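Asker: One structure, as structure tokens, below. Some questions next.
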Ligand code: GLU
């Protein structure tokens, strides 16, 4: 190899290193840290990942052969315990990806005032081709590895669903943990996102997507933010493109459409994309996909064989809700959306972030926008520790109290409410009502804290403000713990 070729090789190697997910997260941290008042020593501590566990474990395949899998669990920060974060099943799971995701969890929890440190786990398998039996064996063995290594427990580290996992996997984790801790009163708090029958909570499944809706609304409703983008206030009528119709993308699109009256004009998936300027009914697209195995050929929609072209299509709000590194230096100059709402973790790399900001796009960052999942996980964990649903102790009293208020109003006005009005007025809040209202409030108050940090520190964008706010919060805990006198 001649000198020039060797140099070009080295340069491209260095460039590829610079654009990894972990590197992007590190660059976001460094930029925000430079605006914070936190001392260098504390910054070094809170930036680094405290513990990473990487292990191999054997699992029986359906054909009787043994496959040796690689699993990870990263606990980024122990400033608060337990640590918290999802379990991902994907062929792209790596050490660095897991660390990057665990790091984001620390900032995410701080931003929505969830008292946990950040963590994340992963197993390098293809969730799409793995049979239910194989997945169960993987989950149970992975969980027992975590138990052996003291990387799981209600006060230690609490997994949850992430890309490629869901309620069923969480149920298997709970059952395996319980088997090893049979007298543990709080054993079910070792994992969140569980099925309702295993002490899950109403509203966890849709929590991340609903949080995405609440988070977008916080900014879309502000004239001073949307007017410079050339948009009118509010979500109604906004043209939305969603990448990824998994749990997060589906629910975000569903709430934007049903609660916000947005128009879903495009959906991108693995198998291709579909678009329709008049709107795509998200429930119908989902039913079509369940029936045919693909979103393609949805009645009235145009097919796109290359779904990534939809990222660059004309729309008001683009929602990457799939995986990291979807918007890079290559496609960032061509993004037409005015708002990019990060429903996935790390969908925009640092280079693309700079390009989009220089093009005056509004980026609503992942560490805030997709924090709804962990927020409701926190509620589930609290429910598990208290061994009673939030509504159990309040619904009856609320209902009776509302009945008394209504009767007083009726006596005073001489008018009677009809049956429908009476039912509406006197109903006590259900678990789902309580969870949704608390989630809305959490997103709203997080948005206000980020905004305050942005204004007080004259910060250029929401991500820097969100990171800066989180860094200051986490460092304050370290200082108060007395680790840095
Ligand atoms: N996997 C989700 C996330 O990335 C949820 C984590 C949790 O609920 O602990 O935020």
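Asker: Go through 455, 435 for me and flag whichever is in a helix (DSSP H, G or I) and surrounded by 18 or more Cβ atoms within 10 Å (Cβ to Cβ).
Answerer: Matching residue, one of 455, 435: 435.
Asker: A further question on this structure: Go through the range 103-126 and give me each residue that's more than 13 Å from the ligand (Cβ to nearest atom) and more than 14 Å from residue 446 (Cβ to Cβ).
Answerer: Within the range 103-126, 123, 124, 125, 126 meet the criteria.
Asker: For the list (1) within 16 Å of the ligand (Cβ to nearest atom); (2) surrounded by fewer than 18 Cβ atoms within 10 Å (Cβ to Cβ), I need the number of the one condition that residue 150 fails.
Answerer: (1)
Asker: Select from the range 417-428 the residues that are modelled with pLDDT under 95 and in a loop (DSSP other than H, G, I, E, B) and list them in ascending order.
Answerer: 427, 428
Asker: In the range 206-245, which residues are at negative phi and within 16 Å of the ligand (Cβ to nearest atom)?
Answerer: Those that are at negative phi and within 16 Å of the ligand (Cβ to nearest atom): 206, 207, 208, 209, 210, 211, 212, 213, 214, 215.
Asker: Just to be sure I understand, how many residues within the range 103-126 are in contact with a helix residue (DSSP H, G or I) (Cβ under 7 Å, 6 or more places away or on another chain), farther than 28 Å from residue 466 by Cβ and in a loop (DSSP other than H, G, I, E, B)?
Answerer: Qualifying residue count, the range 103-126: 1.
Here is a yes/no grid of residues against (1) in contact (Cβ under 8 Å) with a residue 12 or more places away in the chain; (2) crowded, with 20+ Cβ neighbours inside 10 Å; (3) under 27 Å from residue 366 (Cβ atoms):
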residue	(1), (2), (3)
403	yes, no, no
415	no, no, no
450	yes, yes, yes
471	yes, yes, yes
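Asker: When both residues are 6+ apart or on different chains and their Cβ atoms are under 8 Å apart, which pairs have a first residue that lies in the range 138-158 and is on the phi > 0 side of the Ramachandran plot, and a second that is buried (at least 23 other Cβ atoms within 10 Å of the Cβ)?
Answerer: Matching pairs, first to second residue: 153/177; 153/190.
Asker: Let me ask something else about it. What is the residue count in the range 154-206 for residues that are crowded, with 21+ Cβ neighbours inside 10 Å and farther than 14 Å from residue 380 by Cβ?
Answerer: Qualifying residue count, the range 154-206: 9.
Asker: Here is a further query. Within the range 143-164, can one find any residue that is more than 17 Å from residue 73 (Cα to Cα), at pLDDT 95 or above and assigned to a loop (DSSP other than H, G, I, E, B)?
Answerer: For the range 143-164, residues more than 17 Å from residue 73 (Cα to Cα), at pLDDT 95 or above and assigned to a loop (DSSP other than H, G, I, E, B): absent.
Asker: Applying the selection to the range 181-193, what residues are more than 11 Å from the ligand (Cβ to nearest atom) and closer than 19 Å to residue 84 by Cβ?
Answerer: If the condition is that a residue be more than 11 Å from the ligand (Cβ to nearest atom) and closer than 19 Å to residue 84 by Cβ, then 181, 184, 186, 187, 188, 189, 190 are the ones that fit.
Asker: Take the range 66-102 and flag every residue that is assigned to a loop (DSSP other than H, G, I, E, B), in contact (Cβ under 8 Å) with a residue 60 or more places away in the chain and away from the ligand (no atom under 11 Å from the Cβ).
Answerer: 77, 79, 80, 81, 90, 92
Asker: Does residue 68 satisfy the criteria of being closer than 22 Å to residue 192 by Cα and surrounded by fewer than 24 Cβ atoms within 10 Å (Cβ to Cβ)?
Answerer: So residue 68 fails the test.
Asker: Moving to a separate point now. Suppose the filter is more than 16 Å from the ligand (Cβ to nearest atom) and surrounded by fewer than 15 Cβ atoms within 10 Å (Cβ to Cβ); does residue 419 pass it?
Answerer: For residue 419, the condition - more than 16 Å from the ligand (Cβ to nearest atom) and surrounded by fewer than 15 Cβ atoms within 10 Å (Cβ to Cβ) - is met.
The values are calculated or read from the model by the stated rules, or taken from the named source; none is laboratory data. The structure displayed is predicted, hence computed values, not measured ones. Positions of Cβ are backbone-derived with ideal geometry, glycine not excepted, and every protein chain shown enters the neighbour counts.
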